[in-house]
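A.B. asks: Pasting a structure here, questions to come.
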Amino acid sequence: MADAVNSHDDAGPVTVDTVVAGGWLLTMNPQREMYRSGAVAIDGGVIVEVGQRADVLTRYTPRRLIDAPDGVIIPGLVNGHRHLLCCAKGAMPEGGQTLDALRQFIYPSFAALTEQDMYVHAQHSAAEMIRFGTTLFEEPGCNHLDAVL
């Protein structure tokens, strides 16, 4: 990131694809820095700088500015165990024992899924994960995995 900043010190702002700016920015760097009014500059799908909003917007001119003054800018979340077909909130009875739910509802329901059903569930799951900040997940196993890849 330092090379990107140093390469244009005298040339004025560098155009980048996107700057996400605004509220709290939480980093995952070794110092775990937090900025009250932070920004992230992104170009070509690569984060080129993270820092104070004013500093980043001085160094970079974004083609697209996502202004989130009341938001929190965080790294993408990782879900290490996400079944793509577990997305129908409210479709399963609340309460009860996990093993009973698996035997009486989950296993029979999942066994009946077609490739198209699985595809639709996977699309819904992906949209839900993106909405809540998940950028990486692992599917530990499902029927018709090829239909959703």
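A.B. asks: Looking only at segment 79-133, count every residue that is small (Gly, Ala, Ser), at pLDDT 85 or above, out of contact with any Cys (no Cβ under 6 Å at 6 or more places or on another chain) and surrounded by 15 or more Cβ atoms within 10 Å (Cβ to Cβ) and tell me the total.
C.D. replies: Matching residues across segment 79-133 total 2.
A.B. asks: A further question follows. For segment 11-44, how many residues are at pLDDT below 95 and of a type in the set (Val, Ile, Thr)?
C.D. replies: Of the residues in that region, 1 qualify.
A.B. asks: Yes or no: segment 55-69 includes at least one residue that is on the phi < 0 side of the Ramachandran plot and touching a Cys at 6+ places or on another chain (Cβ under 8 Å). Lay out the reasoning, then the answer.
C.D. replies: The initial filter retains those residues of segment 55-69 that are on the phi < 0 side of the Ramachandran plot, namely 55-69.
Add one more test, that the residue is touching a Cys at 6+ places or on another chain (Cβ under 8 Å), and what stays is none.
The answer is no, given that none of the residues of segment 55-69 is on the phi < 0 side of the Ramachandran plot and touching a Cys at 6+ places or on another chain (Cβ under 8 Å).
A.B. asks: Hey, does segment 60-77 have a residue that's touching a Pro at 6+ places or on another chain (Cβ under 8 Å) and in contact (Cβ under 8 Å) with a residue 12 or more places away in the chain? Working first, answer last.
C.D. replies: Applying the first criterion (touching a Pro at 6+ places or on another chain (Cβ under 8 Å)) to segment 60-77 yields 60-61.
Filter once more, so that each one left must be in contact (Cβ under 8 Å) with a residue 12 or more places away in the chain: 60-61.
Taking every residue of segment 60-77 in turn, at least one turns out to be touching a Pro at 6+ places or on another chain (Cβ under 8 Å) and in contact (Cβ under 8 Å) with a residue 12 or more places away in the chain.
A.B. asks: Hey, GLU94 hits all of (1) more than 18 Å from the chain's Cα centre (by Cα); (2) within 30 Å of THR18 (Cβ to Cβ); (3) of a type in the set (D, E, K, R) but one; which does it fall short on?
C.D. replies: So the condition that GLU94 fails would be (2).
A.B. asks: Right, here's the next one. Identify, by number, the condition in (1) within 14 Å of VAL20 (Cα to Cα); (2) in contact with a Lys or Arg (Cβ under 7 Å, 6 or more places away or on another chain) that PHE137 doesn't meet.
C.D. replies: Of the numbered conditions (1) within 14 Å of VAL20 (Cα to Cα); (2) in contact with a Lys or Arg (Cβ under 7 Å, 6 or more places away or on another chain), the odd one out for PHE137 is (1).
This table checks each residue for (1) under 16 Å from HIS81 (Cβ atoms); (2) touching a residue at least 40 places away in the same chain (Cβ under 8 Å).
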position	(1), (2)
VAL120	no, no
GLY133	no, yes
CYS142	yes, yes
LEU149	no, no
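A.B. asks: A follow-up question, please. If I go through segment 39-56 residue by residue, how many of them are more than 18 Å from the chain's Cα centre (by Cα) and free of Cβ contacts under 8 Å to residues at least 40 places away in the same chain?
C.D. replies: Within segment 39-56, residues that are more than 18 Å from the chain's Cα centre (by Cα) and free of Cβ contacts under 8 Å to residues at least 40 places away in the same chain number 6.
A.B. asks: Let me ask something else. Being at pLDDT below 95, more than 30 Å from GLU128 (Cα to Cα) and not in a strand (DSSP E or B): is that true of ALA4 here?
C.D. replies: yes
The values are calculated or read from the model by the stated rules, or taken from the named source; none is laboratory data. Bear in mind the structure is a predicted one, so any value in this text is a computation, not a measurement. Using ideal geometry, Cβ is built from the backbone for each residue, glycine included, and neighbour counts are taken over all protein chains shown.
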